[in-house]
Amino acid sequence: MKLIISKSLCFFASLQVLPLSYAFLFVLLITPAQASNTTTVDSDDMLSLDFEQLLDIEVLSSAKKLQSLSKSASAIFVITDNDIQRSGKTSIPELLRMVPGIEVASFNAHAWAVSIRGFNLVFTNKLLVLLDGRSVYSWDFNGTFWYTIDTLLEDIERIEVIRGPGGTLWGANAVNGVINIITKESRNTQGWLAATGAGSYEEGFAHLRYGGKFDEYGQNTYRVYVKRHDRDSFPNAVYDNSWRQESVGMRMDGTLQSHYRWRLSTDFTHDALQDSIWNIRQAISAETENFNILGNIGSLEDVTQPWHLQVHFQTSKLDIPLPGNANSLDIEWQHRFSPYQNHDLIWGLNARRMYSELENLNGFYFAQSKRLSYLYSGFAQDEIVLSPDRWVLTLGAKLEHYKNSDTALLPNLRLLWTPDEINSVWLAVSRAVRPATRLEQEMRYEIVAPQQVLTFAPNADIASEYLTAYELGWRQKTTEHFKWEAVGFVHDYMDLMTRITEAYQKEGVLYIDRVPINQINDQIYGTELSFTWQPHTDYSIQFAYTWLDVNVGQTSPFDPQHQVSLRSGWQATPDFRTDLWFRYVDKICGFSTPMLLPVGECIKAYNTIDLRFAWQLNKQLELSFNGFNLLDSQHLEFESDGSDFLSAEVPRQFYLQVLWKSE
């Protein structure tokens, strides 16, 4: 633990690299604090919550049960529906930029590299992403296709982001963090909602949603939606990277006999992409389709022993990165009870069946085109009150078996100390696993040149990667209008995958094989700071700073060392509000085969500002103007490194939106 504290304090010495202009910008952002005394317009969503309620918002992801954020022994950040509305963003990855500890880099018009606490790639393999508790992680491609994660942003209740391992509760791939996107119950989205807009790169978008009731008492409700958007290609790319998406979905919620709650939801999305991948220097037109259906039934939360059963099925058809199709069936059971006084035990079982079929194309070969895999797991976690309102000890473990990888034991220990009503201090030690994937175990990729053949070879014996994480955090509600949080962490990685080179000659041809093996043990550490301040009823500020040590080894080169986010929201009048968002991202180095950069050069650090103006024309109609990346015409945020999607620069963007809600 001494190591955590000493490493965390190191970041203070590095603050001198940040531009002095931040001080001026901070003054600019807080200027409206002396503005009008008018109060904000009440609404039916998070906007109606006061600052005190926002401090004690309940979260689900850190313990798989609802608990106050102030009582959570995890580094967790909540993006509320108020944050979503006032950001003006049109995609989920862009919303995540406000979270400390998270890295978001736009790759082109439809692709993002997103990670937590390092190891950023387009297919980040150490991050678990959930939508209403269902995993959207691709087991074949070892990451998340962010463009396929789609729902109405107005229907999202909150996004919970856990920084640090979540393997005990959520299982494989919850290594560096968990992102859980939680949508609103259909009873909270009644009536009509319609929105449309267009701009410089948002060529046009529109969505329509209706929510209704199955009975006159409103105990069983539903909503349906349809949406479409078209986005133009980002500049300075070798080929077109435009994106079109259509989606339709529904959700139903209700109760049975006043004892049980149920939910049924389904979504279908169709994406049409223009791109170029895998260092294939030609344009590609691709289409993907994704369908999922989720059912959940369980007891009401206020019973003595709550339980739930969830079944989820999804199927997808891909043209990119490789043609193929995949489907999965997931069944989860969870039960919570108190075996002894001061104990709160939660346990569960999970089974998942995964099938995929991928085609051999453009030098990619699989020994078998079809693959059927199974994953089984069970977990238990006990929250023990050692001293009421003071000390809480959490002990847990998950046993997980994946057919094509190791059986893993994932323990977790957390200690929470609340010396008073304003302070929370926690200490955590946990373990997580990243199983080997099909691409590492089965895929062969050949690049043929005159008298030379370069092969990225598979390794059927490649094993899982493991992380042991140590975390120390302090959360304080200093006043009724100011809260802050500081977190330090050390991540010890074992058996990280790398590739070794094997070369030989045959009949005058040089053969170079790059073979994956588990060879690297490494360590990454960092610090995350954030605060929320409401100096005035109509004005608020949210700040986040991340320092990540990226010089420890060569396993995580694509990560900025410093990141800053500073957001300002001002309700100037009851009918007009403005939001300003400043961000700084440090340079990123280490790309060996970039598409746009000269070899050996780094992506430059950049500053940017987003701006939103919103006019509430009446209780039902809102008009907003949104501008992003206003400080320069375009900038580069990430590179392909020869093995990902097409690189492009992120441009300055504007769009206008009209949103209407029925009363």
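The values are calculated or read from the model by the stated rules, or taken from the named source; none is laboratory data. These numbers come from a predicted model, not from an experiment. Neighbour counts run over all protein chains shown; Cβ positions are idealised from the backbone, glycine included. These accessible areas exclude ligands, DNA and RNA; they are computed on the full protein's heavy atoms, side chains included. Shrake-Rupley method; radii C 1.70, N 1.55, O 1.52, S 1.80 Å.
Residues satisfying the criterion are present in the range 368-378 (criterion: part of a strand (DSSP E or B), at pLDDT 95 or above and either more than 30 Å from LYS317 (Cβ to Cβ) or among the aromatic types (Phe, Trp, Tyr) (or both)).
Given the structure, is TRP660 open to solvent by 50 Å² or more (accessible area, probe 1.4 Å), among the aromatic types (Phe, Trp, Tyr) and not in a loop (DSSP other than H, G, I, E, B)? Reasoning before the result, please.
On the way: open to solvent by 50 Å² or more (accessible area, probe 1.4 Å): yes; among the aromatic types (Phe, Trp, Tyr): yes; not in a loop (DSSP other than H, G, I, E, B): yes.
When the stated conditions are applied, TRP660 passes them.
Listed conditions (1) among the small types (Gly, Ala, Ser); (2) within 27 Å of GLU154 (Cβ to Cβ); (3) crowded, with 19+ Cβ neighbours inside 10 Å; (4) under 26 Å from the mean Cα position of the chain (by Cα) are all met by ALA614, apart from (4).
Restricting attention to the range 499-543, the residues being under 19 Å from ILE447 (Cα atoms) and assigned to a strand (DSSP E or B) number 16.
A quick yes/no check of all residues on (1) over 24 Å from the mean Cα position of the chain (by Cα); (2) crowded, with 17+ Cβ neighbours inside 10 Å:
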position: ASN220; (1), (2): yes, no
position: VAL224; (1), (2): yes, no
position: SER233; (1), (2): no, yes
position: VAL248; (1), (2): no, no
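The residue that is nearest to TYR374 (Cα to Cα), counting only those in the range 297-327 that are part of a strand (DSSP E or B), open to solvent by less than 20 Å² (accessible area, probe 1.4 Å) and touching a His at 6+ places or on another chain (Cβ under 9 Å), is GLY298.
Within the range 137-180, being in contact with an Asp or Glu (Cβ under 7 Å, 6 or more places away or on another chain) and assigned to a strand (DSSP E or B) holds for ILE156, GLU157, ARG158, ARG163, ASN180.
Only one of the numbered conditions (1) surrounded by fewer than 24 Cβ atoms within 10 Å (Cβ to Cβ); (2) of a type outside the set (S, T, N, Q); (3) out of contact with any Ser or Thr (no Cβ under 7 Å at 6 or more places or on another chain); (4) in contact (Cβ under 8 Å) with a residue 24 or more places away in the chain is violated by HIS110, and that is (1).
Among the residues that make up the range 641-653, is at least one of them within 17 Å of GLU94 (Cβ to Cβ), assigned to a strand (DSSP E or B), open to solvent by less than 20 Å² (accessible area, probe 1.4 Å) and out of contact with any helix residue (DSSP H, G or I) (no Cβ under 6 Å at 6 or more places or on another chain)? Yes: the range 641-653 contains one or more residues that are within 17 Å of GLU94 (Cβ to Cβ), assigned to a strand (DSSP E or B), open to solvent by less than 20 Å² (accessible area, probe 1.4 Å) and out of contact with any helix residue (DSSP H, G or I) (no Cβ under 6 Å at 6 or more places or on another chain). Count of the range 183-209 residues, restricted to those that are among the aliphatic types (A, V, I, L, M) and either at positive phi or surrounded by fewer than 18 Cβ atoms within 10 Å (Cβ to Cβ) (or both), is 4.
Does GLY177 satisfy being closer than 24 Å to TRP547 by Cα, touching a residue at least 40 places away in the same chain (Cβ under 8 Å) and touching a Leu at 6+ places or on another chain (Cβ under 7 Å)? Walk me through how you get there before you give the answer.
On the way: closer than 24 Å to TRP547 by Cα: yes; touching a residue at least 40 places away in the same chain (Cβ under 8 Å): yes; touching a Leu at 6+ places or on another chain (Cβ under 7 Å): yes.
Criteria met by GLY177.
Residue check: LEU349 meets all listed conditions (1) touching a Lys or Arg at 6+ places or on another chain (Cβ under 9 Å); (2) open to solvent by 50 Å² or more (accessible area, probe 1.4 Å); (3) among the aliphatic types (A, V, I, L, M); (4) within 21 Å of THR168 (Cα to Cα) but one, namely (1).
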